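Notes for the one structure printed next.
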Amino acid sequence: MKAKKKKRQDDFQKVKLKVGKKKPKADNATNTSFRSKGIHLPEQLKRDTSGPTTHRQLGINDLLSQLHHYNANVKHSALLGLRELLSLNPSLLEQHLSRLLSEVAAVFTDKDGNVRVAATRLLRFIAQSVPAERVAPFFPLLSAHLSCAMTHIETGIHEDAMNVLDVLLEHYPALLAARPAVLLTNFLELISHRQSSGGAKKAQDTKGRTWALSVFPNRAVTSQQWRLSVLLRLGRFLQAVVEERPSAVGDISVSAEGVFDSGREGQVTPLYLSWEELTYSKVGVKVYENSGSKPTPHSTFRLRPEVDRGATVGEGLDSVEAIQSFAATLVPLLLEVWVEANASDCPWNNTEGAHLLTPDTMSVMFQVLSILQLLRKLAPQQEHQDTLDAWFRKEYLGDFKQHFMKNFPYGTRDTPKHKKKGDLKRSKQTTPVPGLTVEPLALNITICQVMVSLCQRQGLSRETDGDWMTPLRTFVRDTLGSGVKLSYRQLHMLLLSVWKMVLTQRSKAVTEDLLAAVYIYYKQKNLTLQTRSLLLSFYSKLYLQEQGHAHIARSKVLCRWLASLPVQLSQLGHRNSALSARLILSIQAAASRGNKDLLHSLQTHACRLYDPQEGVVVLLPAESQQKMVQLLYFINKMSQSLLANLSSCCTTGRISASLAASLIRIIHFRSSLSGWSVGSKEVALEDVDYVSFLFSTLTGFSSDKLTSLQGADDESALPRSPLSPLSLFLTPLEQFTHHWDIVEEVCHCLETLGSKCQCFDILQNGICKYLTKLVVVPDSMAAGLLRAVSRLLDLSVLPIEPVLRFLSQCCLSLLALLIALQQEAPTETNHRREAIWGACVSALSTIPRLLRMVLQLLRVGDLSEEELPQLGQILLMLLQHTPLHNQLLTNGTLLQEIIQQLTRYSRGATREQWMTDLLYSYSITVAHSSSSHRGNLGLRDMY
């Protein structure tokens with residue numbers, strides 16, 4: 001049987017599909033079935049509760065991390081979120097200040113403009129909230145990022161860097177000015193570039209012209225506008241550097257007191273110590289702890305080595321050579337900027353309209369001149385200033401005259417309005433920088449200041465500056481004399497120009513011409529206090545320069561101004577105390593130098609100035625009052641009316657007691673009776689007037705006031721009684737204390753007049769003539785007279801009867817007042833009681849027969865029952881005072897009669913105690929002191 005043949009297997013067999021059957025799966029089919037499980041992360045859904053968040057629930061850490069995102073929109077929103085978060089939570093600034101500044105500064109150079117604008121706004125917000133001392137540790141990082149932005153290849157970043165610079169100049173000028181070297185180079189690179197020749201570095205010439213202006217065709221603004229914007233920031237930056245200098249003499253920003261100083265008085269010279277020199281003992285420095293006169297043996301104080309010498313103010317500009325090197329690079333560029341702007345502005349040359357400038361060109365010129373003026377002020381010291389001015393004159397005087405003085409003064413050109421669309425589009429591209437509108441007056445004043453600073457002091461061997469100084473003098477004279485209103489800065493700059501021209505030209509005609517123009521402006525009304533003070537400072541300090549400047553000393557305008565000062569002071573009064581103080585300082589300076597015109601005017605208006613009611617001496621503050629009193633020493637002649645006013649000033653209490661004492665001493669020194677003189681100073685007042693002044697001041701009241709007291713029914717005056725022969729007018733305690741201090745000074749002056757007997761004779765004649773007929777007497781005057789008479793009494797001259805009677809009435813009335821004051825609060829009347837008791841005791845123990853006359857006035861029969869205890873208390877006070885025992889023994893008979901009458905009229909249990917005390921004191925002071933009187937008084941009958 002034949003075997004079957006085996007069928008061969010093909011490689012790719014076709015699968016036969018059958019209807020109704022499921023299609024078989026392919027061999028390489030992928031199994032797509034899967035099983036999934038959910039992953040739950042509940043922590044991600046929780047809000048950040050670690051700190052404040054924005055409305056998008058983002059904290060400060062999230063926002064700061066988003067600043068590193070590649071998307072510009074994310075970074076922009078993060079900056080906006082930071083501002084929102086910081087405005088709602090200011091405390092975050094203190095906690096995250098370091099990270100905030102570093103992250104915000106990093107986006108100064110971001111490619112997206114919106115991000116840079118948002119970063120600038122956030123930086124401004126931070127700067128408004130954080131002081132400079134908190135930012136100082138992080139400012140080097142800010143400065144580094146700012147330098148990167150200023151030197152970036154993108155022009156848009158340059159423009160935004162200017163906005164960042166504006167923020168720092170506004171809020172942190174001192175920190176920015178501390179490192180000027182790098183930023184100054186960055187400013188140069190913004191408007192210029194270094195020139196090169198054949199790939200090799202070209203050697204710098206004498207003028208430093210290796211830099212050339214750059215053209216920027218791709219910027220949104222014109223090259224002129226960009227340069228103007230950069231120059232504006234450069235000027236502000238240089239101004240910040242100048243203001244941070246330790247000595248900025250003549251700067252606009254300093255106060256008016258130090259503007260016109262020619263010397264270096266009052267300036268502090270710092271001492272710089274080098275740690276290396278101290279280490280190797282090259283110099284010796286003694287360090288005293290706690291300012292002691294001897295060094296502490298075990299002092300813990302140690303000098304710290306300098307960590308960063310470059311952090312000092314003026315880095316890179318701390319020497320004249322460095323300033324000259326920078327100026328040699330910058331000044332040619334500034335001149336090129338001006339020449340280019342002027343050429344584009346003036347299509348015609350050497351025509352009658354060449355002095356007219358458009359607003360854009362005027363702004364460019366103003367910024368150029370402002371920077372030139374600031375370059376001069378970079379000098380560290382005054383002697384360096386003169387050296388720098390001489391260098392500027394040598395290097396650039398010709399260029400300045402050619403470019404600035406050729407068409408001086410300048411005016412504004414009227415530009416026609418654009419009507420065509422193309423012209424309108426072109427005008428939008430050349431729109432001036434906002435806030436840089438410059439008036440022609442400000443421009444011309446700046447030219448004056450820059451050019452006048454280059455003039456030199458005229459001499460025999462020096463060339464004159466008359467050719468280019470004449471238009472400057474004419475402009476200054478016309479501006480000041482025309483009556484136009486000037487701002488404080490403009491007036492300050494003009495006065496600096498006048499100051500420089502007067503001191504350098506040394507011409508009487510020039511001086512008179514300029515000072516007359518200043519005086520015209522000075523006489524204008526409604527000037528501000530700051531402006532008036534500036535003018536006063538100018539004239540005062542110019543007058544102080546008269547020594548060595550004959551043309552200033554002989555100035556008629558200056559003499560006229562000095563003569564007008566007392567009139568102005570009397571008219572101004574207390575309406576402006578600060579300006580009055582400035583006037584007094586000017587008057588004092590001229591009076592100390594013996595200016596005849598001022599002294600004559602001062603003497604003429606002295607009565608008005610020293611009026612006790614409306615004079616400036618009583619209306620101004622205490623410091624000005626003291627200076628007014630000091631001016632009395634310089635008055636040549638003191639009239640009787642002036643002395644009367646001065647006496648009233650002393651006694652009315654409008655000036656302090658110490659100042660009144662100084663006034664009395666000054667008048668004493670100016671009289672011939674003092675025996676004191678200095679130099680050729682003449683006697684200012686007659687002897688009679690001087691004694692009359694002292695007597696009026698001693699009484700404390702004018703004759704009119706005393707006359708009015710006699711007829712007035714005043715409740716403050718105590719009525720007359722048997723114990724008070726005079727009606728005492730009770731002065732207020734403050735006035736009493738004031739008058740008592742003045743009495744001591746008057747007595748001191750009277751004691752030094754020479755003959756004591758003559759002085760006392762004059763005093764008692766005055767009392768007899770003017771005071772003995774008074775019925776109502778102030779208590780301060782009565783006590784003062786007793787004090788003066790007891791101090792001036794000379795035993796060779798006995799008091800006359802009317803004076804002795806008046807003094808006894810005063811003494812008894814004051815003793816009765818003492819008894820009344822004892823019933824009041826002791827704290828309120830303590831000083832008054834001590835003064836009155838001391839005056840009475842001193843007079844009773846010194847003046848002969850005064851105690852006897854007082855005892856004779858004691859009539860017991862005329863007293864009422866209420867007055868008997870008062871009399872007993874008066875006698876008890878006298879008996880208990882030991883220095884009066886001898887006088888009481890002398891008048892023992894009279895005293896015995898009074899006590900006998902007193903015991904006869906005083907009966908009853910209510911008066912037993914004071915009577916017992918009186919008899920006891922009498923027994924131990926009088927009865928037991930003299931055996932001859934022991935038996936004369938029957939004590940048994942008294943009881």
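Observations on the structure shown:
- When residues in region 513-531 are screened for being part of a helix (DSSP H, G or I) and either touching a strand residue (DSSP E or B) at 6+ places or on another chain (Cβ under 9 Å) or open to solvent by 40 Å² or more (accessible area, probe 1.4 Å) (or both), 4 of them pass.
- Filtering region 848-884 to residues that are open to solvent by less than 10 Å² (accessible area, probe 1.4 Å) and under 18 Å from Leu818 (Cα atoms) leaves Leu851, Val854, Leu855, Leu868, Leu871, Gly872, Ile874, Leu875, Leu878, Leu879, Leu884.
- Single match in Ser696, Ser721 (criterion: out of contact with any Lys or Arg (no Cβ under 7 Å at 6 or more places or on another chain) and surrounded by fewer than 21 Cβ atoms within 10 Å (Cβ to Cβ)): Ser721
- Looking only at region 239-259, and only at residues there that are in a helix (DSSP H, G or I), crowded, with 17+ Cβ neighbours inside 10 Å and within 17 Å of the chain's Cα centre (by Cα), the one that is modelled with the lowest pLDDT: Ala256
- With respect to the conditions (1) at pLDDT 85 or above; (2) small (Gly, Ala, Ser); (3) not in a helix (DSSP H, G or I), Ser461 falls short on a single one, namely (1).
- Selection from region 631-661 of residues that are open to solvent by 40 Å² or more (accessible area, probe 1.4 Å) and over 11 Å from Leu694 (Cα atoms): Tyr633, Asn636, Lys637, Ser639, Gln640, Ser641, Thr652, Gly653, Arg654, Ser656, Ser658
- Restricting Arg179, Arg194, Arg209 to those that are modelled with pLDDT under 90, touching a Gly at 6+ places or on another chain (Cβ under 8 Å) and within 15 Å of Phe326 (Cα to Cα) reduces the list to Arg179.
- Within region 69-117, being within 44 Å of the chain's Cα centre (by Cα), crowded, with 17+ Cβ neighbours inside 10 Å and acidic (Asp, Glu) holds for one residue alone: Glu103.
Each row is one residue, and each column tells you yes or no for (1) open to solvent by less than 100 Å² (accessible area, probe 1.4 Å); (2) modelled with pLDDT under 85.
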| position | (1), (2) |
| --- | --- |
| Gly20 | yes, yes |
| Glu43 | no, yes |
| Thr49 | no, yes |
| Gln66 | yes, no |
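- Every pair of residues 6+ apart whose Cβ atoms lie under 7 Å, when the first sits in region 220-240 and is of a type in the set (Lys, Arg) while the second is buried (at least 22 other Cβ atoms within 10 Å of the Cβ): Arg227/Ile191; Arg227/Val337; Arg233/Leu165
- Selection count where residues are part of a helix (DSSP H, G or I), open to solvent by 20 Å² or more (accessible area, probe 1.4 Å) and either closer than 19 Å to Gln225 by Cβ or among the charged types (D, E, K, R) (or both), scope region 138-175: 8
- Any hit, region 410-430, residues being under 23 Å from Met362 (Cα atoms), part of a loop (DSSP other than H, G, I, E, B) and at pLDDT 80 or above: yes
- Lys541 fulfils the conditions (1) touching a helix residue (DSSP H, G or I) at 6+ places or on another chain (Cβ under 8 Å); (2) buried (at least 17 other Cβ atoms within 10 Å of the Cβ); (3) under 19 Å from Leu503 (Cβ atoms) except for a single criterion, (1).
- Considering the conditions (1) in contact (Cβ under 8 Å) with a residue 24 or more places away in the chain; (2) surrounded by 16 or more Cβ atoms within 10 Å (Cβ to Cβ); (3) out of contact with any Ser or Thr (no Cβ under 7 Å at 6 or more places or on another chain), Gln568 is excluded by exactly one of them, (1).
- Scoring Arg236 on the criteria (1) modelled with pLDDT of 85 or more; (2) farther than 22 Å from Leu334 by Cα; (3) open to solvent by 80 Å² or more (accessible area, probe 1.4 Å) leaves a single failure, condition (2).
- Lone qualifier among Leu503, Leu472 - being aliphatic (A, V, I, L, M), touching a residue at least 60 places away in the same chain (Cβ under 8 Å), assigned to a helix (DSSP H, G or I) and open to solvent by 10 Å² or more (accessible area, probe 1.4 Å): Leu503
The values are calculated or read from the model by the stated rules, or taken from the named source; none is laboratory data. Nothing here was measured: the structure is a model prediction, and the numbers come from that model. With ideal geometry, Cβ positions are generated from the backbone for all residues, glycine too; neighbour counts draw on all protein chains shown. With ligands, DNA and RNA removed, areas are computed over all heavy atoms of the protein, side chains included. Shrake-Rupley method; radii C 1.70, N 1.55, O 1.52, S 1.80 Å.
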